[in-house]
Structure formats: C-alpha cells, structure tokens
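Read the figures in this text as sums done on the coordinates, not as results from a lab. Here the structure is a predicted model, which means the values were calculated and not measured. Here the Cβ positions follow ideal geometry from the backbone for every residue, glycine too, while neighbour counts run over all protein chains shown.
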Amino acid sequence: MARASICVTAANEMVLISHDGEHWGFPAGRPEGTETIEETLRREMLEEACVTVIGSRLLGYSRSECVRGHESGLVLIRSYWRAEVRLQEWEPEFEIQHRRLVPESEAKKIRPRSRPGRDPGLLPCSGRGSGR
C-alpha cells in the first residue's frame, strides 16, 4: 500500500513537491522490504521533501486504477496522512527537484502533478524502487 502525506510545518504551511516545478503534489511512496507504515511515511517524507516527521495521523484511504502503461489495470490503495513536519535543508537526492511551502488557502490553487499513462490525480502508477 502506498502512503501519501499532507505535510504541515509549525507555521501552518503545506509542503508540496514537484519533478518539474510546474506540477505539484504531496510526497508519497511505497514501502521497501518489511517497513512498517510509519517507517515508510518517515523515509518517503525525508527522501522526497527533506522534512522530518514529528507527528502524524491517518486521514483515510483512496483507491485508483492505472489506465495506461506497463502497470495498466493495477489497482492502487493509498493511505493519506497529515504529518506535522520539521523542515531540513533542501538537498534533493532522487527524482524530486522542487519543494514549495504554501499556506492552505494557496494550496487549493496549485496544479496537481500528473504524468502520461496515469489516472488523473496524485496517485502514482509506476515507480522507482524506493517510492513510486
């Protein structure tokens, strides 16, 4: 099961990430090996957004299906979390190249990230080893 998190700083800003600086979304990923839900959440937030999770709570689940590409037909279940986070220095190491802090009112205006071969929205359909 994939995990996604709405990361919120102490200043009540949401942390969004982007591959290209144009399409924005929440950090997310899949477990590696025998990771627990909490371990996956903490690792993915650090890897993708350079934040440390200091508290979290489950918000709910979503279900989607990949509609194109090599994972066409794959059904994804994703858990969504609210994570209180502490920002770390921005040092992107993987595919995420941009981080943005926005107040909640502005976050509603951000264009969600999407890529060819994926169902619309923020749910990934294919991936790299440690997250998507």
Whole-Hz Karplus couplings 3J(HN,Hα) for the stretch 14-22, θ = phi - 60° and coefficients 6.51, -1.76, 1.60, Gly and Pro as x, run 8, 9, 10, 10, 8, 7, 10, x, 10
Potential lengthening between R68 and S105 on full extension [0.36 nm per residue; Cα-Cα distance subtracted] = 10.0 nm
Residues Y80, Y61 in order from fewest to most other beta-carbon atoms within 10 Å are Y61, Y80
Calculated FRET efficiency for the pair T36/V75, C-beta based, R₀ 25 Å, to 0.05 = 0.65
Would you mind classifying the stretch 34-97 by shape? Square roots of the alpha carbon gyration tensor eigenvalues, ordered a ≥ b ≥ c; an a/c under 1.5 is rounded, otherwise it is prolate if a/b is larger than b/c and oblate if not.
-> oblate
Could you give the length gained on full extension between I54 and T9, defined as 0.36 nm per residue of separation minus the Cα-Cα distance, in nm?
-> 15.2 nm
